[in-house]
1. Looking at Arg426, Arg445, which one is of a type in the set (Lys, Arg), within 26 Å of Arg36 (Cβ to Cβ) and modelled with pLDDT under 95?
2. Checking the condition closer than 21 Å to Ala376 by Cβ, buried (at least 21 other Cβ atoms within 10 Å of the Cβ), touching a strand residue (DSSP E or B) at 6+ places or on another chain (Cβ under 9 Å) and modelled with pLDDT of 95 or more, which residue from Ala320, Ala356, Ala337 passes?
3. Show me the strands (runs of 3 or more DSSP E) entirely contained within region 386-470 in which 1 or more residues are out of contact with any helix residue (DSSP H, G or I) (no Cβ under 7 Å at 6 or more places or on another chain).
4. Name the pairs whose Cβ atoms lie under 7 Å apart, with the first residue in region 76-91 and of a type in the set (Gly, Ala, Ser), the second in a helix (DSSP H, G or I), and 6 or more positions between them or separate chains?
5. I'd like to check something: does region 124-140 contain any residue that is in contact with a Cys (Cβ under 6 Å, 6 or more places away or on another chain), surrounded by 24 or more Cβ atoms within 10 Å (Cβ to Cβ) and in the same structural domain as Gln85 (by TED's automatic domain parsing)?
6. Out of Ala122, Ala55, report the one residue that is more than 30 Å from Ser417 (Cβ to Cβ), more than 20 Å from the chain's Cα centre (by Cα), outside any loop (DSSP other than H, G, I, E, B) and aliphatic (A, V, I, L, M).
7. Quick check on region 471-489. Is at least one of its residues at pLDDT 95 or above, within 20 Å of the chain's Cα centre (by Cα), not in a strand (DSSP E or B) and not aromatic (Phe, Trp, Tyr)?
8. Which one of Ile343, Ile325, Ile380, Ile348 is among the aliphatic types (A, V, I, L, M) and over 14 Å from the mean Cα position of the chain (by Cα)?
Amino acid sequence: MIRFYLVLGVLVTAQLASAADRPNILFIFTDDQSHRTVSCYPESYSWVHTPNIDALAAQGVRFTHTYMGTWCMPSRATMLTGRHQFGVESMRMEGVYPGSVYDPEQCPFWPKVFRSNGYTTAQIGKWHTGIDSGFGRDWDHQIVWSRPKYPENAGHYYDDQIVEIDGKVERISGYTTDWYTDRAERFIRGENRSSEKPWYLWLCYGAVHGPFTPAERHRETYPDVDVPVPENIFPGDSRKGKPAYVRKRNRWVENASGEIELDSGVQQRTVVNAPLHGNTLQDWVRQYHQGVLAIDDAVGRLRDAITESGQAHNTLIVFAADQGIAWGQNGFQQKIAPYDANIRGPLIMSFPGRIAEGKVCEHPVGGTDLPPTFFAFAEIPLPWKMHGHDLSPLLKRPSHAWPHPVLTVLTGEKYGSDTDRIPTDRETLYKTANVPWWVSLLDGRHKYIRTLIEGEVEELYDLERDPDELVNLALQPEYLNRLRSMREATLAELRRTDAGFVDHLPAFSTPQ
């Protein structure tokens with residue numbers, strides 16, 4: 001059974017740098033925000049404009065290929081533990097969706113280690129990892145919208161939320177992206193914290209998750225969007241070589257006017273379909289990008305608050321999303337699947353004078369890499385085995401040699417030792433949005449995908465030559481050696497991270 005093992009004595013403050021030398025960390029974490037929504041990413045549409053996020057990148061390091069997770073809950077579990085979904089012991093879905101629980105003894109969250117070592121810790125915004133949100137244990141200050149604890153309120157992403165403010169329940173109104181930003185600004189400027197301590201703030205926006213509602217001030221922006229139709233939006237030869245569940249995916253249709261639209265609108269368990277402009281691909285992508293604009297405003301406000309309060313010299317700012325979302329690629333309108341269109345998101349870090357400025361890092365990185373990086377900046381030893389790697393060398397020199405591939409895994413709604421055996425019943429295996437369990441490894445620009453279904457095809461893509469992942473090289477004999485090496489590297493990474501199911505993988509149908 002996979003468990004956390006605390007290192008003896010790590011909770012004791014001893015011989016660490018003084019509080020004045022240890023940096024504040026602002027971790028801005030958005031929801032379902034693809035890298036394509038940020039204009040400094042070349043994959044964004046030509047009409048996208050996010051000047052404040054771009055300015056953050058100009059002052060720091062932008063990572064081109066980042067894979068934080070596969071959907072809301074496991075991505076957040078990784079951010080709190082430094083471990084992949086299969087290494088998060090005791091966490092499980094329970095009760096009415098998105099109800100979930102965990103045992104904090106078996107599944108400790110690392111902010112309490114920061115707290116024990118002189119940091120003021122705070123969390124503001126969305127929570128999706130158990131009804132216990134950790135106030136008083138992991139967080140000194142918390143304004144939490146707990147979807148698991150209040151499932152009847154779980155669809156209220158943009159207004160009318162039930163929140164707990166330092167343990168006291170309150171119902172709030174107002175556009176939540178702005179409301180969270182207001183409270184984060186106050187914390188940065190000194191409210192609810194000691195001026196004598198460094199601070200860590202995890203700011204979790206619900207934007208730009210469905211129903212993708214933009215602020216009123218942004219609802220007329222991008223009036224003339226032009227969204228190219230993905231080549232493989234409909235089933236057919238363009239999905240040749242893909243697993244069966246991808247070949248069959250069919251969420252989009254042509255309407256009477258010949259426009260492509262969602263067959264039945266956005267379908268999510270706790271979110272009401274809310275198209276402001278219409279149901280076509282153009283309409284939805286426009287609304288989605290409009291929802292990003294309040295996030296961009298927030299980044300500008302938060303940077304100003306840090307500068308105006310005299311903390312710019314000692315604050316690491318991290319901007320990331322839990323994952324991306326597809327708009328028509330492979331027929332999807334969701335995250336969860338192993339393709340870049342579904343799950344690749346932005347990652348930008350800024351710390352003037354301490355890391356490189358205006359640089360781009362082309363090494364792929366993952367969500368498990370962030371917690372070890374935070375511990376390195378805080379000069380606190382890791383309290384247990386984490387699955388990722390400290391990114392500090394890349395932040396100082398983005399072209400630094402980097403031998404670490406990026407593992408990404410979907411085990412549906414199962415965590416920890418509950419993933420030791422891969423389910424054989426379809427309901428469990430396809431529990432998450434009708435996408436089966438899978439593992440993937442990105443090494444350089446080659447991506448390997450193994451769908452955990454008996455007899456299914458493996459996948460191999462060259463993301464440099466084929467960024468849309470259209471051609472499965474695993475089926476081409478000349479790539480057999482590359483396929484074998486990626487297959488073995490994936491098994492090695494699963495073993496390194498103690499994946500219990502590694503010796504129980506189903507057979508595949510591609511050449512040996």
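1. Just one listed residue meets the conditions, Arg445.
2. The conditions single out Ala320.
3. So the answer is 406-410, 438-443, 446-451.
4. If the second residue must be in a helix (DSSP H, G or I), the pairs left are Ala77/Gln85; Gly82/Thr368; Gly82/Pro371; Gly82/Pro372; Gly87/Gly416; Ser90/Gly416.
5. yes
6. Ala55
7. No, there is no match, as no residue in region 471-489 is at pLDDT 95 or above, within 20 Å of the chain's Cα centre (by Cα), not in a strand (DSSP E or B) and not aromatic (Phe, Trp, Tyr).
8. Of the residues listed, the single one that is among the aliphatic types (A, V, I, L, M) and over 14 Å from the mean Cα position of the chain (by Cα) is Ile380.
The values are calculated or read from the model by the stated rules, or taken from the named source; none is laboratory data. Remember, it's a predicted structure, so these values are computed and weren't measured experimentally. Please note: Cβ atoms are built from the backbone with ideal geometry, for glycine as well, and neighbour counts cover all protein chains shown.
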